Amino acid sequence: MIALNQAAWTYSKCSYKMEPKWKSTLTVSAHTFFFFFLKKTTHLLIYYKNIVFIVVYNLGMTPLLAACVTGHADIVDYLVKSNNLVSRTEKIEALELLGATYIDKKRDLIGGFDLWKQAMDLRFNIDDEQDIPKPDNALPIEAYEWAQEVKNHEELNELLSEPDEMRMQALLVRERILGPTHPDTSYYVRYRGAVYADAGKFTRCISLWNHALDIQRGSLESCHQMTVSSFFSFAELFSFMSDACATNDDNGYRQVPALLTFEDVIQVLVKAINELCEPKELPYAIDLSPRLLLISLDLFNMALKLIRNDEHSHLTHRLLYRLNKCNILGHLGQTALHLASARKTALAVSRHPQTGSSDDSTLLLRALLKIGANPNARDDEGNTPLHLVAAKDSLIIQLLLGSGAHYDAVNAAGRTFCDMRKATPHNPLYHTSLACHAARVIRKNRIPFVGHIPVTLYEFVEKH
């Protein structure tokens, strides 16, 4: 966000020259600091102990706002107290934004309140100047518990007895001044949600994180790193809420109460599928869709375990069908069925024992097969889902074979899934046909078949 580069120039005294219309020279603490404030650019030159620093600001921010975001109160104080460097409106917004920084970053509620009071004084208590009331066109946001910004001194004073309300005000102020596209806007919404999660207030956390996710999806490219990170945070939170929690009691374990609901998971899952299946015109420079696909499958796994009625089941399977139809591929071109067969996950393996049945562990695989996922799909190495199944995972092998997976399909290296294991887990007679044996003979003896068999059988022969 802020790049600070030490310039290659050293001066015995401040002798840097600029055109007067671009430059104002500020002196602080008996010539210890010199600031060159470029009002029409996004640069700030700082002269300190004979060294010139160049502070470069992007995201359309002025140096004053950037100082507020980073909490440099000395710079903000000097510029605000100046008479002709910044406008009255800019001073008000600077004090309000710095107050939000004090509350969220420095955890100083009193300091933040004092700054907001100064800003309110500037709005209404200036002689011979018109009042500048706060804009009244912002719609209340559910994630902020429908809170609205305080409009006068009386409402501001009431915040002193409501610390939680003051923290919501900080989020509102930052979103109004910086706008939704600035990274700090969504960052501090997520930060406040994490604080609530640490306190066990998961509903508040989920609400705030959903709002932050909506901000990111509305302003960033498809599958942006920040957006994917937010989806992963949701997956980790949901996993924690539904997982077993260790205690210090005699080597025992207790279950966390049922905190997670189907509605919590499906709300995020819908957004994840939309992010994957509705790419924007300008995709992110790094393709993180494989990562988001893996996270989405973890969310599907949780949703499937929380289904309580036919409506839940229909909604979940419809989303899974859409994902399968979009043909989103993971690492090495693996489909969702490849990943489910290999039991790959974006989450760390739980440290606590799982009490679910074997049926629960294959819910995702069963659902994918139910909505029509191809059990003979191949990745970039020619592997089918069957090739990626762990040797001891006999239940998944049975499910894939029962859904039409070819027992003797070969990958790009010419190996079947049995060749990749020391022993054959199933009797091949139950899972191969005369057509399969004929195809293997053709391939093994390199018998030319193009033009001698129907075209529709070419792919079948090439799989063996």
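Table for the structure above
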| read-out | value |
| --- | --- |
| Thr89 versus Asp419: modelled label distance in nm, points set 7 Å from Cα along the beta carbon direction | 7.2 nm |
| Relative packing of peptides 84-90, 408-414 - highest average C-beta neighbours within 10 Å first | 408-414, 84-90 |
| Two-site label geometry, Arg446 and Asn137: point separation in nm, points 7 Å out along Cα→Cβ | 7.6 nm |
| Calculated FRET value between Leu395 and Thr203, using beta carbons and R₀ = 45 Å, to 0.05 | 0.80 |
| Inter-label distance, nm, simple model (7 Å from Cα along the C-beta direction), Lys105/His331 | 3.6 nm |
| Phi to ³J(HN,Hα) by Karplus 6.51 cos²θ - 1.76 cosθ + 1.60 over the stretch 71-87, Hz, x for Gly, Pro | x, 7, 5, 4, 5, 4, 4, 5, 5, 5, 7, 5, 8, 10, 8, 9, 6 |
| Theoretical FRET efficiency, 1/(1+(r/R0)^6), r = Cβ-Cβ of His312 and Glu158, R0 30 Å, to 0.05 | 0.10 |
| Note, ³J(HN,Hα) from phi for the stretch 398-414, Karplus 6.51, -1.76, 1.60, rounded to Hz, x at Gly and Pro | 4, 5, 5, 5, x, 9, x, 5, 6, 5, 10, 5, 9, 8, 5, 8, x |
| Cβ crowding within 10 Å averaged over residues, with 160-171, 130-141 ranked highest first | 160-171, 130-141 |
| Long-range HN-HN contacts of His182 with modeled amide H, under 5 Å | none |
| Rg ratio (alpha-carbon, reference 2.2 N^0.38 Å) - the stretch 130-180 | 1.14 |
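Quick note: the coordinates plus some simple rules give every number you see, no bench work behind them. Keep in mind that what you see is a predicted model, and the values were worked out from it rather than measured. Methodologically, a virtual Cβ is constructed for each residue, glycine included, from the backbone with ideal geometry; neighbour enumeration extends over all protein chains shown.
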